[in-house]
Amino acid sequence: PAPTDGPAPTDGPAPTDGPAPTDGPAPTDGPAPTDGPAPTDGPAPTDGPAPTDGPAPTDGPAPTDGPAPTDGPAPTDGPMDGPAPTLT
């Protein structure tokens, strides 16, 4: 007799899902900001130049002579002689 077919192959088990993915680690904060350097004082103010003396005082003009004295009026003649004597 002719050979007969064996039983039909059956499907294997359905594939199963692998494990669900897990979250990675939570992000961490970076380092806290640090303060910059403290401000430094600028240079101390310097004194300006010392005041200088002004010019020395100068003498005023020399005094001038007043006007020369003038002659007074010329003397005038006194009164004329009295009356002539009368002959006696």
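Quick rundown of the values:
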{"item": "Kirkwood hydrodynamic radius (C-alpha pairs) into Stokes-Einstein, the chain, 37 °C and 0.692 mPa s, D in µm²/s", "result": "98 µm²/s"}
{"item": "Whole-Hz ³J(HN,Hα) from phi, Karplus 6.51 cos²θ - 1.76 cosθ + 1.60, for segment 26-38, glycine and proline x", "result": "5, x, 9, 6, x, x, 5, x, 9, 5, x, x, 5"}
{"item": "For the chain, size of Cβ-based charge dipole, Lys and Arg +1, Asp and Glu -1, in debye", "result": "60 debye"}
{"item": "GNM result for the chain, Cα springs below 10 Å: residue of A38, A68, A50 fluctuating most strongly", "result": "A68"}
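Here, each number is a calculation from the coordinates, and none is a lab measurement. Since we're looking at a predicted model, the values are computed, not measured. Every residue, glycine among them, receives a Cβ derived from its backbone with ideal geometry; neighbour counts consider all protein chains shown.
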